[in-house]
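What follows is a single structure, written as structure tokens, with notes after it.
The values are calculated or read from the model by the stated rules, or taken from the named source; none is laboratory data. In this text the structure is predicted, and so the values were computed from the model without any measurement. As a convention, Cβ positions derive from the backbone with ideal geometry for all residues, glycine included, and neighbour counts pool all protein chains shown. We work out accessible area using only protein heavy atoms, side chains counted, and drop any ligands, DNA or RNA first. Shrake-Rupley method; radii C 1.70, N 1.55, O 1.52, S 1.80 Å.
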2 protein chains.
Amino acid sequence: MPKKLTNMLENVPSDIEIAQAATPMPIQELATEVGILDEELELYGKSKAKVSLNVRDRLKDQPNGKYIVVTAITPTPLGEGKTTTTVGLSQALGAHLNKKVFTCVRQPSMGPTFSIKGGAAGGGYSQIIPMEEFNLHLTGDIHAISIANNLLAAAIDTRMFHESQQSDKALYKRLVPVKKGERKFSAVMIKRLEKLGINKTDPAELTEEEISKFVRLDLDPDTITWRRVVDVNDRLMRGITIGTGPKEKGFTRETGFDITVASEIMAILALAQDLGDMRDRLGRMVVGLSRAGEPVTADDLGVGGALTVLMKEAIKPTLMQTLEGTPAFIHAGPFANIAHGNSSIVADQLALKLVGKDGYVVTEAGFGADIGMEKFFNIKCRYSGLVPNCVVLVATVRALKTHGGGPKVSPGKPLDPAYTEENLELLEAGMSNLIKHIENARMFGCPVVVGVNKFHTDTDAEIDLIREKAMEAGAHAAVLSNHWARGGDGAANLAQAVVDACEAESNFEFLYDLDLSIKEKIEIICQKMYNAAGVEYSEKAEEQIATYTANGFDKLPMCMAKTHLSISHDPSLKGAPSGFTVPIREIRASVGAGFLYPLLGTMSTMPGYPTRPAYYDIDLDVETGQITGLF
Amino acid sequence: MPKKLTNMLENVPSDIEIAQAATPMPIQELATEVGILDEELELYGKSKAKVSLNVRDRLKDQPNGKYIVVTAITPTPLGEGKTTTTVGLSQALGAHLNKKVFTCVRQPSMGPTFSIKGGAAGGGYSQIIPMEEFNLHLTGDIHAISIANNLLAAAIDTRMFHESQQSDKALYKRLVPVKKGERKFSAVMIKRLEKLGINKTDPAELTEEEISKFVRLDLDPDTITWRRVVDVNDRLMRGITIGTGPKEKGFTRETGFDITVASEIMAILALAQDLGDMRDRLGRMVVGLSRAGEPVTADDLGVGGALTVLMKEAIKPTLMQTLEGTPAFIHAGPFANIAHGNSSIVADQLALKLVGKDGYVVTEAGFGADIGMEKFFNIKCRYSGLVPNCVVLVATVRALKTHGGGPKVSPGKPLDPAYTEENLELLEAGMSNLIKHIENARMFGCPVVVGVNKFHTDTDAEIDLIREKAMEAGAHAAVLSNHWARGGDGAANLAQAVVDACEAESNFEFLYDLDLSIKEKIEIICQKMYNAAGVEYSEKAEEQIATYTANGFDKLPMCMAKTHLSISHDPSLKGAPSGFTVPIREIRASVGAGFLYPLLGTMSTMPGYPTRPAYYDIDLDVETGQITGLF
């Protein structure tokens, strides 16, 4: 039954007004309702709680629920409402069809919250509440990533600095000091010795040559890929020179900042199975190469354990609720271009156990289906072992019209009348994009339900056209959804279609085998998913392929770093382009997270603020403590 | 009655072993016990909770408890156990003398936790538990400060960048855009217009000249004092060049990073009375001067409201407990040299109301009494209006011997036998330091209890000598305290002495009036507290005094930024030096926090990691989730 946390109004108010008008259930009550035990719950205030991974072990014999991924056609820069659909669909399943349901979404970066985009908790009557807590610090996971990322950065530069100032002997004396009359390697040093093939545990026994190998990471500054992060849009930090202080003895280096969600540690949080797996991944992150070309890891720097300690609470998903009182996990939020753009594996696993056999877990994948869904299948599902039952493909009249050749859509600018008036011709011309995404999803053996996210200017004829073309392309169903204005009730038909699709046969399979070569994997994705005619590699990419292959990193999945505004690598190619050649500029490695990411263009990993960011409107009513101006 | 949270062992184990062996009470239970209502409490897991400032309003008619500040003689670089004494004394008052008691301490920076210093939750059997949670993220306040500080930094540089690229007209169009057919100033813009003397609210009515004044903050890059922060010891970030990225069009600038606890926002958190006061202070923080010499504030940049939103949870103190189950507030932790080094006013206020008339609040002031206590009285008590009842001055045989001319004491190095064997001569020679601090405390009209923090090598004769000299110098009492090894029981005598002292007459007064000139205030502190012969101002300082006076900042209290290793400005001058002249290199302004800080030397606001930081030993037992190697 729908919970009356709020009264729906005909004229849909702003997101924050809707969210603030609702009265969330005490989160402890919701936790009990969904079967989480008190000892598995850590409250963070009244409306958020972290949930222990022990839930998964306790319920290990419980069959999983149905696993639904929400993705979208190639979006406009405004986004087409994936999160809103994810939440609305969940509200419909839970509060209207009376199914056990869990929503799993990412934690958003705070940078864009203060910029133009505003909140990311859904919208209208399909939101996760309290939206302010969702959009701001949440339970501190992104903060933990920032400090862990930056501790590693400090460890890199400090070590390079110390190596530049000290002899082998001095370094060794300091790295392995006499303490209480004893000299001992720490556990993480033993790891490094093993990696170097030095099978000794007594510091007195190392030869001079072994000492030198042990103490000198000898990082080549030009190969360092580890950057610092901050969860703010700070464009002037994209490129910086460090070490210009008077005490740093001229030890300068060119580097820069990314936004925190672009940190490899975020990708690890999303992919780690448990504390042990997270410890291993954090320790094996490669930060650069030695001058001899050997990968240097966080554990070589002695800091993998400390990073794990900083991340030990972050691995627990945060429980919140939707506007209709259904449960949601908010957990992890890696970049969808340079990383895989999906919320965490552990949250999905916990949710699937908690809903059980007859329940449903709705999880969201970032950007369009060519990116988020492909990576959901080939990376996230591969690492988790989970098998999806249904793909929900969100489509909008607006985005389809851009694919038909409609005028440019830009954030903060009024929409052209082409988008607000009926135009079946433009719409039909854009349908190729929808069709290609349906075919792509079906390539993985998964039934596809198209959810048309309704805007108030859409006409019945436009909606009908989308539904007709979707069914022709092989969708299991294609349904209008009006969850933004009507909450779960507006998504009831979509929910019923999803329930039906989950009963349909699913023959899930990956697009490629990990055993293939780097190039083979890239080419399969480009040809099958993007419809490319071919792939071209830069000289740099060719070199990197050789290096990665030599280091054994070629067995990792590929995480394509490309624009989300086209199925191709070129944002100007709308619809379902073909005949193009994909250029691979460069290939980077997230060895800890467990993927290589070929760059198909210039990916910005640090946004900037416009002249008038949203923060001009954001303030606090100091009497009530309520936030104003967040939207 | 002492609570049996742990069993004390004769051979005192490591801090983390003691802390992990204890079973904390559920924090909700403790909260109820001390009179905090459920609706005033927000749990953060099982052992930490944030407490609403509403407690203060609810109990406004309740008389305050006794207010005790713990300070120390001039310490060695190892520290002399102020936090340990603060906790031990509280345990004694609460669990042994059966008084209502609250401990108030700062949240430590995480940077040093991973360096050499290790934890900061007290030590031995006088600790706040769980020490891992205390030392790591706590409830996220420092993270909130980091991101707020860096959002402001991004706002500064982004604005300078946009101003450099756009005409007045373009800036105005973007700053005050047409939205839904309307052009409106946001509330924070109206503030700026008022500051500029432009009494208009319709954007259409501004003249060209007014538009130019409004849109151009015209920050002079050489005057920008706002730096970025990170809660990591990242020495290579002390000086950096930003804007070197290819998209930043050559807009580079020299700046750097401080450790987060050095942020002015941390000082504001510690001094703000409530949300409204915090909003005002954050908005009026001065980040630099315009080319015309006018102060530019966070509100001029439009970001004061957003900063407040980021800090709205941080203003609530965090409730934890000691090893003997007495309550503690952990809240704020500004640097003790460039800022005032005291935990928050609001935590002390809440605690004083919660313990009530017959209760005791033990709060700690950073570094030695010449810094922490002086700032506690002249800055913190001035802003809070609270009147202290008693000073506890922590002394150690070790530190007194250094003041008598003992050999240098360095972290990580073994102690010279002068410190571990009886040496009454050396000790007596150092007594001048203790005497001067006693006299200083008495200058404020407060009774002083000297607490000798016992080390196992101290002899009875040494302790007796300290007690004798302290009494001669006018201490109300001088007591040995063995709380490290024995918990509250070991501090029972100290607690009794404190109870007695709180009954003694106290005639608290400030050292200086705010109405005095900047120089007069500086000179009073230098002469009365430090025993300086005179003060010398650099040319720069003279200029700054003129500027601050012209801007009306001369009525703020002075927050002396000086070494903690001497009562003077010179760390090599031990004991109670005299005849020296204090050089004022420079005077900086924390206008939002509400003080000026004269620099009496080079203050490092960003520590570095040694060759082998503590993180080499820190790891996680991935089966149990327990942290190892944190000390």
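Cross-link partners among aspartates and glutamates for B:LYS100, C-alpha distance below 17 Å, same-chain residues fewer than 8 apart left out?
Candidates past the 8-residue exclusion: B:GLU29, B:GLU33, B:GLU324, B:ASP348, B:ASP358, B:ASP489, B:ASP500, B:GLU503.
Within a Cβ distance under 15 Å of A:GLY65, other residues only, what is the Lys/Arg minus Asp/Glu net charge?
After counting each charged neighbour, the total is +3.
Among the aspartates and glutamates, which have Cα under 13 Å from the Cα of A:LYS353 when same-chain residues fewer than 8 positions away are ignored?
A:ASP57, A:ASP61
Could you compute how much accessible area chains B and A hide from each other, both sides summed, with a 1.4 Å probe? Nearest 100 Å² is fine.
Using a 1.4 Å probe, the pair buries roughly 7000 Å².
Are there residues in region A:292-323 whose accessible area shrinks by at least 50 Å² when all protein chains are included rather than the chain by itself, and which are they (probe 1.4 Å, ligands and nucleic acids not counted)?
A:VAL309, A:LEU310, A:LYS312
What is the distance, in nm, between label points placed 7 Å from the Cα along the Cα-to-Cβ direction at B:LEU415 and at B:ASP38?
5.0 nm
How far is helix B:492-503 tilted, in degrees, relative to the longest principal axis of the Cα atoms in chain B, given as a value from 0 to 90 rounded to the nearest 10?
60 degrees
Give me the percent of DSSP beta bridges within chain B that run antiparallel, rounded to the nearest 5.
Here the share of antiparallel DSSP bridges comes out near 45 percent.
Along the charge dipole of region A:210-360, which of A:ILE240, A:VAL287, A:GLY305 sits closest to the positive end, that is, farthest toward it, with unit charges on the beta carbon of Lys, Arg, Asp and Glu (+1, +1, -1, -1)?
A:ILE240
Contour minus end-to-end for B:LYS555 and B:MET471, with contour as 0.36 nm per residue of separation and end-to-end as the Cα-Cα distance?
26.5 nm
So, with +1 on the Cβ of K and R and -1 on the Cβ of D and E, and no other charges, what is the size of the charge dipole of region A:458-532 about its Cα centre, to the nearest 20 debye?
Computed charge dipole of region A:458-532: roughly 240 debye.
Can you tally the net charge around A:ASN453? Count Lys and Arg as +1, Asp and Glu as -1, for every other residue whose Cβ sits under 14 Å from the Cβ of A:ASN453.
Around A:ASN453, the charge tally is +2.
Nothing charged except the Cβ atoms of Lys and Arg (+1) and of Asp and Glu (-1): what's the magnitude of the dipole of chain B about its Cα centre? Round to the nearest 20 debye.
Charge dipole of chain B: 1480 debye, to the nearest 20.
So what is the calculated 222 nm ellipticity per residue for chain B, using -39500 (n - 2.57) for each DSSP H run with n of 4 or more, over all residues, to the nearest 500 deg cm²/dmol?
Computed mean residue ellipticity for chain B: -9000 deg cm²/dmol.
What's the angle, to the nearest 10 degrees (0 to 90), between helix B:275-284's Cα axis and the longest principal axis of chain B?
Taking the Cα atoms of chain B, the angle to B:275-284 is about 60 degrees.
Round to a whole number: what % of the accessible area of chain A belongs to carbon and sulfur, probe 1.4 Å?
On the way: 10640 of 21680 Å².
Within chain A, the accessible surface is 49 percent carbon and sulfur.
How long is the gain from A:ASN7 to A:THR223 if the chain were fully straight, where each residue apart is worth 0.36 nm and the alpha carbon distance is subtracted?
Values: separation 216, 0.36 × 216 = 77.76 nm, distance 5.68 nm.
Length difference between fully extended and current span is 72.1 nm.
Let me check against my output: what whole-number percent is the relative contact order of region B:434-564, with C-alpha pairs under 8 Å and at least 6 apart?
22 percent
May I ask which of B:LYS436/B:LYS521; A:LYS82/A:LYS574; B:LYS436/B:LYS519; A:LYS66/A:LYS408; B:LYS195/B:LYS247; B:LYS48/B:LYS380 have a Cα-Cα span longer than 30 Å here?
A:LYS66/A:LYS408; B:LYS195/B:LYS247, as the Cα separations exceed 30 Å there.
Can you work out the accessible area per residue across the protein assembly as shown, with the rest of the protein chains kept in place, probe 1.4 Å, in square angstrom?
I get 34 Å² per residue for the protein assembly as shown.
Near A:GLU539, within a Cβ-to-Cβ distance under 15 Å, what is the net charge of the other residues, with Lys and Arg +1 and Asp and Glu -1?
Working: positive: A:LYS519, A:LYS540, A:ARG585; negative: A:GLU536, A:GLU542, A:GLU543, A:GLU586.
Overall, the nearby charge balance is -1.
Starting from a label point 7 Å past Cα on the Cβ side, list the distances from A:LEU196 to the same position in the other copies, nm, shortest first.
Those separations, rounded to one decimal, come out as 6.2 nm.
Output the relative contact order of chain A, whole-number percent, from Cα pairs under 8 angstrom with separation of 6+ residues.
Worked out over chain A, it gives 21 percent.
Please list B:VAL535, A:VAL409 in order of solvent-accessible area, largest first, computed with a 1.4 Å probe with all protein chains present. Can you show the working numbers first?
Working: B:VAL535 30, A:VAL409 10 Å².
Largest accessible area first, the list is B:VAL535, A:VAL409.
Say a paramagnetic label sat at a point 7 Å from the Cα of B:ASP61, along Cα to Cβ; which residues of region B:329-366 have their backbone N under 17 Å from it?
The answer is B:353-354, B:356-357.
Expressed in nm to one decimal, what extension gain is obtained for the pair A:ASN199 and A:SER572 from 0.36 nm per residue of sequence separation less their Cα-Cα distance? Walk me through the numbers before you get to the answer.
Working: separation 373, 0.36 × 373 = 134.28 nm, distance 5.66 nm.
Full extension from A:ASN199 to A:SER572 adds 128.6 nm.
To make sure I understand the rule: partners must be lysines, Cα under 20 Å from the Cα of B:LYS169, and not fewer than 8 residues away in the same chain. Which ones qualify?
Filter leaves A:LYS413, B:LYS179, B:LYS184, B:LYS200, B:LYS213.
Using R₀ = 35 Å, calculate the FRET efficiency as 1/(1 + (r/R₀)^6) where r is the Cβ-Cβ separation of A:GLN626 and B:GLU503; round to 0.05.
Values: r = 45 Å, r/R0 = 1.30.
With R0 = 35 Å, the Cβ-Cβ based efficiency is 0.15.
Measure nothing but the geometry: give the 0 to 90° angle between the long axis through the Cα atoms of B:539-550 and the longest principal axis through the Cα atoms of chain B, rounded to 10°.
Helix B:539-550 and the main axis of chain B meet at about 70 degrees.
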